[in-house]
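Written out below as structure tokens is the structure these notes cover.
The values are calculated or read from the model by the stated rules, or taken from the named source; none is laboratory data. Keep in mind the model is a prediction, meaning the values are calculated, not measured. Glycine gets a Cβ as well: all are built from the backbone with ideal geometry, and neighbour counts include every protein chain shown. Calculation scope for accessible area: heavy atoms of the full protein, side chains included, ligands and nucleic acids excluded. Shrake-Rupley method; radii C 1.70, N 1.55, O 1.52, S 1.80 Å.
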Amino acid sequence: FSQTLLHTVVPPELRFAFLKLFQRLFNCFSSYCYYEITEIDGVNTNELYNAVQLYLSSSASSSTAGTTSSSNRLSLTRGLNSSAITFGLANNDRLSDVFNGVSVVWEHNVTPRQSQTFSWRPLPEEKRGFTLRINKRDQPGILEAYLEFITDKANEIRRKNQDRLLYTNSRGGSLDSRGHPWESVPFKHPSTFETLAMDPIKKREIMCDLRDFADGQAFYKRTGRAWKRGYLLYGPPGTGKSSMIAAMANFLGYDIYDLELTEVNTNSELRKLLMKTSSKSIIVIEDIDCSINLTNRKKSNGTGARNDSVSDTRSRSPGIPIPGDPDNNGGNNSITLSGLLNFTDGLWSCCGSERIFVFTTNHIDKLDPALLRSGRMDMHIHMSYCSFPSLKILLKTYLGCEPGDISPDVSSDLAAVIDEAEMTPADISEVLIKNRRDNDKALRELLEVLRKKKTVNRRLRRRLVAEVEDEAEEKRALDSPKEGGGAANGGGDDVEVNYKKSEEEDNGID
Ligand SMILES: Nc1ncnc2c1ncn2[C@@H]1O[C@H](COP(=O)(O)OP(=O)(O)OP(=O)(O)O)[C@@H](O)[C@H]1O
Ligand SMILES: [Mg+2]
């Protein structure tokens, strides 16, 4: 009652001023150090505040049994992007904690924000923060280790709550107010291995490999290997490479660092980015063949320096500076293949642990063998056009069709055309989404589309064979004019036979 009366009678500003004065006097004679961790740090959200809140939420929930909290009032929250309820300290509540034998006390302070404060973005009406109290004699050794422990613990809790982050370096080389080169957003991609359409045997193999990796701390230590693993996903667009990465992250509960190579200017910047990644994370470079010229590691330019910089990208992306280009005075983009190899496999790559590197490409043949070798890219995963086993997964996820729900005739018709149609899971899922209210119609339309695509593919293939044969015939005619006709006829006959056979099959289908 007295507290309520005080709050009503004394204006908040006056209360705040009294409190500050009292705190100053108190600190002069106190044997404690106090650290304030405010929710908003300047204009940015203070990550440490969130980490402390999560950490204390776990202590607070266990303290309801009376172990560490001096309070019996806890606030309950569920964040916008969180799937779990967290406990927290209510206003001005305290909680004591013990770290490495040292007792500390946390206090949660909420004060009204002065309304005239100018800000570029709307700030919460209340100013929230934690105050950490440590005994002055304990402070030198404990603070850094304690805060690091709290950050790790908070990450662990977040992962457990399925609340993971997707980091990006899209800001270029610039750092945020706390010196971090990565920007993060909550990662909410719903792709899982269950929804991923691919060969079930291959899928199981990948899942086992990931599980072995995540559980392999002792193994990696025993064998003297850095605890990291590389996966290369290759295949045509729309076959599920990005979906696979999301499924991996969801399966292991890891954060994702999506590295945009074209935003990185130098090898040392690349190294800094790597050093700022946390463990239990997947570091992704998508479309690696488009991000950097990776074909010629050893090639030197006139000055003897390595010339394997981002020239390939530059020809496509006019905004990227070109080193040594007189027309471009940006001139500082000099990531090299060796820089990238060091990133994945050098000494620096071990500065954290439990990391997965995933590179994706549409053209594996464009990549340097050095990048593909085991130890860098341990597993090469071909994401191919939709096969019949993959189609069954798509039918189940999109239409709810179990194999027994589809008539044997339709099933065998689908199986007969699917491989030759060479359609991506992305294309097929579009047909299914469009007709998802009517399963029969969806299957009918899918069959039609697959047959059409098969016919088109055959025509293309025949045209290609004919062109190759024509070229060979011309070459032979030029090489030996007298014998040219006979030799060409031999090849032409083969084509003719193939052609006839294909025509018959097509007619049967159309
Ligand atoms: N194997 C798959 N299983 C389930 N859905 C898939 C699969 N492949 C593609 N899709 C669907 O198609 C869409 C595009 O797929 P995704 O972005 O994973 O392709 P990608 O291989 O990364 O293509 P790109 O090479 O263009 O980046 C996804 O939203 C997903 O729904
Ligand atoms: Mg992709």
Exercise. How do the pairs read when you match residues in the stretch 131-142 that are surrounded by fewer than 15 Cβ atoms within 10 Å (Cβ to Cβ) with residues anywhere that are assigned to a loop (DSSP other than H, G, I, E, B) and small (Gly, Ala, Ser), using Cβ under 6 Å and keeping only pairs 6 or more apart or on different chains?
Worked result: 136/31
Problem set entry | residue 230 being over 20 Å from residue 393 (Cα atoms) and open to solvent by less than 60 Å² (accessible area, probe 1.4 Å) | yes
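When you scan the stretch 412-471, how many residues do you find that are of a type in the set (Gly, Ala, Ser) and over 15 Å from residue 392 (Cα atoms)? Full working, then the answer.
As a first pass, look at the stretch 412-471 and keep what is of a type in the set (Gly, Ala, Ser): 412, 415-416, 421, 426, 429, 442, 466.
Those left that are additionally over 15 Å from residue 392 (Cα atoms): 421, 466.
Final tally of qualifying residues: 2.
Being on the phi > 0 side of the Ramachandran plot and open to solvent by less than 40 Å² (accessible area, probe 1.4 Å) is the requirement here; does residue 400 meet it?
Numbers: on the phi > 0 side of the Ramachandran plot: yes; open to solvent by less than 40 Å² (accessible area, probe 1.4 Å): no.
Spelling it out, it is not the case that residue 400 is on the phi > 0 side of the Ramachandran plot and open to solvent by less than 40 Å² (accessible area, probe 1.4 Å).
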Problem set entry | Residue under evaluation residue 82, criteria (1) over 29 Å from the mean Cα position of the chain (by Cα); (2) at pLDDT below 75; (3) in a loop (DSSP other than H, G, I, E, B), criterion not met | (1)
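Taking the options 358, 431, name whichever one is touching a strand residue (DSSP E or B) at 6+ places or on another chain (Cβ under 8 Å), within 14 Å of ligand 1 (Cβ to nearest atom) and on the phi < 0 side of the Ramachandran plot.
Details: 431 fails: touching a strand residue (DSSP E or B) at 6+ places or on another chain (Cβ under 8 Å).
Sole residue among the options that is touching a strand residue (DSSP E or B) at 6+ places or on another chain (Cβ under 8 Å), within 14 Å of ligand 1 (Cβ to nearest atom) and on the phi < 0 side of the Ramachandran plot: 358.
Looking only at residues in the stretch 279-294 that are under 14 Å from the mean Cα position of the chain (by Cα) and not basic (Lys, Arg), which one is farthest from ligand 2 (Cβ to nearest atom)?
We begin by selecting, within the stretch 279-294, every residue under 14 Å from the mean Cα position of the chain (by Cα); these are 279-287.
Those left that are additionally not basic (Lys, Arg): 279, 281-287.
Working: 279: 25, 281: 19, 282: 14, 283: 15, 284: 10, 285: 11, 286: 6, 287: 7 Å.
Looking at the filtered set, the residue picked out is 279.
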Problem set entry | Meets criteria (touching a residue at least 40 places away in the same chain (Cβ under 8 Å) and among the hydroxyl-bearing types (Ser, Thr, Tyr)) for residue 374 | no
Exercise. What number goes with the only condition from (1) over 16 Å from the mean Cα position of the chain (by Cα); (2) away from ligand 2 (no atom under 16 Å from the Cβ); (3) open to solvent by less than 20 Å² (accessible area, probe 1.4 Å) that residue 193 does not pass?
Worked result: (1)
Problem set entry | Residues that are away from ligand 2 (no atom under 16 Å from the Cβ) and assigned to a helix (DSSP H, G or I), drawn from the stretch 251-278 | 251, 252, 263, 267, 268, 269, 270, 271, 272, 273, 274, 275
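Yes/no per residue for (1) within 16 Å of ligand 1 (Cβ to nearest atom); (2) within 22 Å of residue 425 (Cβ to Cβ); (3) open to solvent by 10 Å² or more (accessible area, probe 1.4 Å):
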{"site": "204", "(1), (2), (3)": "yes, yes, yes"}
{"site": "217", "(1), (2), (3)": "no, no, yes"}
{"site": "245", "(1), (2), (3)": "yes, yes, no"}
{"site": "263", "(1), (2), (3)": "no, no, yes"}
{"site": "267", "(1), (2), (3)": "no, no, yes"}
Exercise. Is one or more of the residues making up the stretch 376-388 outside any loop (DSSP other than H, G, I, E, B), among the small types (Gly, Ala, Ser), modelled with pLDDT of 80 or more and within 16 Å of ligand 1 (Cβ to nearest atom)?
Worked result: no
Exercise. Taking the stated definitions as given, is residue 232 in a helix (DSSP H, G or I) and touching a residue at least 60 places away in the same chain (Cβ under 8 Å)?
Worked result: no
Problem set entry | One residue from 416, 442, 426 being within 16 Å of ligand 2 (Cβ to nearest atom) and not assigned by TED's automatic domain parsing to the domain that holds residue 360 | 426
Exercise. Taking the stretch 221-249 as the region of interest, how many residues are under 30 Å from residue 423 (Cβ atoms) and out of contact with any Lys or Arg (no Cβ under 8 Å at 6 or more places or on another chain)?
Worked result: 15
Exercise. Can you spot a residue in the stretch 389-396 that is out of contact with any helix residue (DSSP H, G or I) (no Cβ under 6 Å at 6 or more places or on another chain), more than 30 Å from residue 343 (Cβ to Cβ) and part of a loop (DSSP other than H, G, I, E, B)?
Worked result: no
For this session: From 235, 224, grab the single residue that is over 23 Å from residue 156 (Cβ atoms) and either touching a His at 6+ places or on another chain (Cβ under 8 Å) or outside the structural domain of residue 372 (by TED's automatic domain parsing) (or both).
Result: 235
